[in-house]
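Read through the structure below, which is laid out as structure tokens, and then see the notes.
The values are calculated or read from the model by the stated rules, or taken from the named source; none is laboratory data. The model shown is predicted, which means the values in this text are computed figures rather than measured ones. Cβ placement follows ideal geometry from the backbone for every residue including glycine, while neighbour counts extend to all protein chains displayed.
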Amino acid sequence: MRRGRVELSPRRLENLGEILADTVNRVRPLVEDKQVKLNVSLPEDLPPPWGDDTRTRQVLLNLASFCARNTDAGSVAMRAAVVDGAMSITVADTGRGWPPEEMAVLFEPYRPPNEAQHIGGAGLSLAIARELAALQGGALTAESQEGRGTTFTFTLPLAPPKPTGG
């Protein structure tokens, strides 16, 4: 992905529930032969975040797909909440998790963690997801504990970015 080539159409994402449900439906085939439940938690009273519909879908699909590929049993859960004045969407799995030395390269393009130990390296998907989060005024972080799973946190602003003076 080349910076400056991604077109965004930012707006209030009144359809966040639909975006999360669509993500679950698209990831379901990745877990149909596994003992993995897909869960979504979206409180009704959440304000809509500000972002690009297509790019938000892409970020969530990349994260949920990664989690589904790396979880053989347990769950992949998506939850949304307002945290520190931003929309925080977590995508968490109960899969293998990653040791600290592999977390250091998790978001690097074409530098997936140790493939002999884990299935479904990141390739470009996590690098792209992080870039798309940043382009929307948000962020993407990850925490993991080997043997206990991984949690990605994708944030989006609750208001449009302020124009920069020039």
Item to check | Selection within the range 7-36 - loosely packed, with under 15 Cβ neighbours inside 10 Å and touching a residue at least 40 places away in the same chain (Cβ under 8 Å) | outcome: LEU8, SER9, ARG11
Checklist entry - Of the residues in the range 83-107, how many are over 19 Å from GLU146 (Cβ atoms) and of a type in the set (D, E, K, R)? => result 1
Next on the checklist: Just checking, does the range 49-59 include any residue being within 15 Å of the chain's Cα centre (by Cα) and of a type in the set (Phe, Trp, Tyr)?
Outcome noted: no
Item to check | Candidate set: the range 136-166, residues that are modelled with pLDDT of 95 or more and of a type in the set (A, V, I, L, M); chosen: the one nearest to PRO47 (Cα to Cα) | outcome: LEU158
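Output the residues belonging to the range 69-95 that are part of a strand (DSSP E or B), more than 13 Å from the chain's Cα centre (by Cα) and not polar (S, T, N, Q). Give the derivation first.
Residues of the range 69-95 that are part of a strand (DSSP E or B), as a first pass: 73-83, 86-93.
Checking which are more than 13 Å from the chain's Cα centre (by Cα) leaves us with 73-75, 81-83, 86.
Passing the criteria: ALA73, GLY74, ALA81, VAL82, VAL83, ALA86.
Within the range 132-147, which residues are more than 13 Å from TRP98 (Cβ to Cβ) and either within 13 Å of the chain's Cα centre (by Cα) or crowded, with 22+ Cβ neighbours inside 10 Å (or both)? First the steps, then the outcome.
Restricting attention to the range 132-147, the residues satisfying the condition of being more than 13 Å from TRP98 (Cβ to Cβ) are 132-141.
Those that are more than 13 Å from TRP98 (Cβ to Cβ) and either within 13 Å of the chain's Cα centre (by Cα) or crowded, with 22+ Cβ neighbours inside 10 Å (or both): LEU132, ALA133, ALA134, GLN136, GLY138, ALA139, LEU140, THR141.
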